1. Would region 510-519 turn up any residue that is surrounded by fewer than 24 Cβ atoms within 10 Å (Cβ to Cβ) and under 25 Å from Ala560 (Cα atoms)?
2. Is it true that some residue in region 179-186 is of a type in the set (Ser, Thr, Tyr) and touching an Asp or Glu at 6+ places or on another chain (Cβ under 7 Å)?
3. Given the criteria buried (at least 24 other Cβ atoms within 10 Å of the Cβ) and more than 22 Å from His442 (Cβ to Cβ), does Gly533 qualify?
4. Inspect region 178-192 for any residue being among the acidic types (Asp, Glu) and surrounded by fewer than 21 Cβ atoms within 10 Å (Cβ to Cβ) and give the result as yes or no.
5. Are there any pairs with C-beta distances below 9 angstrom linking a residue in region 439-450 that is among the charged types (D, E, K, R) to a residue that is surrounded by 15 or more Cβ atoms within 10 Å (Cβ to Cβ), with the two at least 6 apart or on different chains, and if so which?
6. Scan Val450, Val461 and give me the residue that is out of contact with any helix residue (DSSP H, G or I) (no Cβ under 8 Å at 6 or more places or on another chain) and under 19 Å from Glu503 (Cα atoms).
7. Does region 303-315 contain any residue that is in a helix (DSSP H, G or I) and among the basic types (Lys, Arg)?
Amino acid sequence: MHEQQPRERAATTHEQQPHERAVATRTSSSHTNEQQPDAFSIDAAAGRVDPAACGSASRSSSLRQREQIQRLAARQAQQFQRLPAAPAIPVVSDEPWRDSSLCRAAAAAAASCGYSTASSAAAAAEDPITPPVKVDYTQLLINGQFVDSASGKTFPSLDPRTGDVIAHVAEGEAEDVNRAVSAARKAFDEGPWPRMTAYERSKIILRFADLLERHNDEIAALETWDNGKPFEQSAQTEVPMTTRLFRYYAGWADKIQGLTAPADGPYHVQTLHEPIGVAGQIIPWNFPLLMFAWKVGPALACGNTIVLKTAEQTPLSALYVSKLLHEVAGLPPGVLNIVSGYGPTAGAALASHMEVDKCYVNVKTSDDLLQLAFTGSTTTGKIVLQLAAKSNLKPVTLELGGKSPFIVCEDADVDKAAELAHYALFFNQGQCCCAGSRTFVHESVYDQFVEKANALAMKRVVGDPFKGGIQQGPQIDSEQFEKILKYIRSGVDGGAKLETGGERLGSKGYYIKPTVFTDVKDDMLIAKDEIFGPVQSILKYKDLDEVIQRSNASQYGLAAGVFTHNLDTANTLMRALRVGTVWINCFDVFDAAIPFGGYKQSGQGREKSFYSLSNYLQVKAVVTALKNPAWL
């Protein structure tokens, strides 16, 4: 494939090719004095990107403005609730998470301070914002203590906005996994955690949830700094959702119970639901804190102990909150152990460890478990299964990749459908396993939909995620950045029409312009592979039978979106689509009580809800002979 981007480069953008700025070994970028792209408006007519100046406040004034926003967010954090999905079309804006009362208040504060908001085409151009948080925890957490790795090695955690080093984090390897598993095993076999009452466990988890709420903004700042997602998204949606998840599982802790069953004879039969033991958990980089909650919450509620490997790209938030869980909430030593490191060393050691009773894996496209040249998340899951089988035949729960269809029916309100489809794809920089990355549009509304989809992409606000009103930050790292650009080139080479975007934004960091392709065919790579980036592929269909067949013709089956006012159409599609979640007239609704998982090669098992508890429990049958029973 050729290296030239499909559209003429704007004069204001970089001259380097993506591979010239790769940071494959995650070392510090030397371009520390380059100006970072902040937020830009995209001029569709001229095909160029123009920095927009929306204010000239001094640096000190900007700091005061940001502090004002943070104080406002903190005052209203306890009032935050994620809006439930309405039975009718719920879309109010092109970013539904922005419709919360907290987000509206923060946006109003941002506007009063001179920042742009989501309705603007651009945000103020200024130097990268210094995150309002310190990195204090970079060691491994083993047996309740922060310790260096056995080898003394560290690896850099990078800022996706610049490629610069945030902190050097202890690099765990096989020996560190051994230490962590030994601590978890001792805590399970001899410690108080599985032996205390379920109510006592629930109180510790509830105290932890209170601490998450109290430290909401610090945690959100670490998440944004390490991952690149908008601070508003972290502070107003993801940290509150994490808090809600832990409270949800705290409520389950003392409600786990077995059954009694009749038998054909004089026997008393009962079942016990017992903790499985030592849980090995591997979490991804796209939602580090939420995936921490999805794994740790149910495991603790059921009385297990844990060894968790963070993604090497995003280790910081898990270390910070684990400190709170131990030192303030009162979790006993050894119950939760955190090993930061790489897949080929720490990840493989955890998956194959003989003393780990079960492995729980959620990995994304940059997690190369065995140093493969290119490892997709489903491929990585297969490797984990092999390692688990070759060791102690431990069971494995997997949440893997997706290529979710988003189906716009002929009766759709095209404006609202385009907004929801935009959100379904571009949320979290497109780095979402269930992203609506195959947008199927009925032929009767196709042209109108394409026009509106292009307009939404061109006005999307991209820039420093710490700024108010930013909708899209940078991609996670150079590897993911270059992979996305490669897929964009393949779309052009394959004959799809590039409507907008298609190249990097600015000259520093891992920013990519929101990209829209039309005239996409099912056999193109951009329609088959999980891109994991801000690339919308729009496909045309004629009728329901056709779109059902094409939607299901994928190795994945994680999720789907349906946009229709017709109840019969909705009922037909919800039953015909072979996926784990179908969102109707909404998307990315992730309440704690809603199970999540996939069909086919999107994984096995379910996360969240009471269904996830079964992942962390063994069922034991106990049969007792009865002597002269009064009844059977």
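The values are calculated or read from the model by the stated rules, or taken from the named source; none is laboratory data. Treat the numbers as computed from the prediction; the structure is a model and nothing was measured. A quick note on method: Cβ atoms are made from the backbone with ideal geometry, for glycine too, and the neighbour counts reach across all protein chains shown.
1. So far as region 510-519 goes, yes, one or more of its residues are surrounded by fewer than 24 Cβ atoms within 10 Å (Cβ to Cβ) and under 25 Å from Ala560 (Cα atoms).
2. Just the residues of region 179-186 that are of a type in the set (Ser, Thr, Tyr), to begin with: 182.
In the following step, the residues that additionally are touching an Asp or Glu at 6+ places or on another chain (Cβ under 7 Å) were identified as none.
No, the conditions are met nowhere in region 179-186.
3. Working: buried (at least 24 other Cβ atoms within 10 Å of the Cβ): yes; more than 22 Å from His442 (Cβ to Cβ): yes.
So Gly533 passes the test.
4. Taking region 178-192 as the starting set, the residues that turn out to be among the acidic types (Asp, Glu) are 189-190.
From the residues that got through so far, the ones that are surrounded by fewer than 21 Cβ atoms within 10 Å (Cβ to Cβ) too are 189-190.
Yes - at least one qualifying residue is present in region 178-192.
5. Hits for this filter: Glu443/Glu410; Glu443/Lys540; Glu443/Tyr541.
6. Details: Val450 fails: under 19 Å from Glu503 (Cα atoms).
Matching residue, one of Val450, Val461: Val461.
7. Here is the first cut: in region 303-315, the ones in a helix (DSSP H, G or I) are none.
There is no residue in region 303-315 that is in a helix (DSSP H, G or I) and among the basic types (Lys, Arg).
Rundown of residues vs (1) in a loop (DSSP other than H, G, I, E, B); (2) at pLDDT 95 or above; (3) buried (at least 21 other Cβ atoms within 10 Å of the Cβ); (4) within 26 Å of the chain's Cα centre (by Cα), yes/no style:
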{"residue": "Ala118", "(1), (2), (3), (4)": "yes, no, yes, yes"}
{"residue": "Ala122", "(1), (2), (3), (4)": "yes, no, yes, yes"}
{"residue": "Pro128", "(1), (2), (3), (4)": "yes, no, no, yes"}
{"residue": "Pro131", "(1), (2), (3), (4)": "yes, yes, no, yes"}
{"residue": "Asp136", "(1), (2), (3), (4)": "yes, yes, no, yes"}
{"residue": "Ser149", "(1), (2), (3), (4)": "yes, yes, yes, no"}
{"residue": "Ser157", "(1), (2), (3), (4)": "no, yes, yes, yes"}
{"residue": "Pro160", "(1), (2), (3), (4)": "yes, yes, yes, yes"}
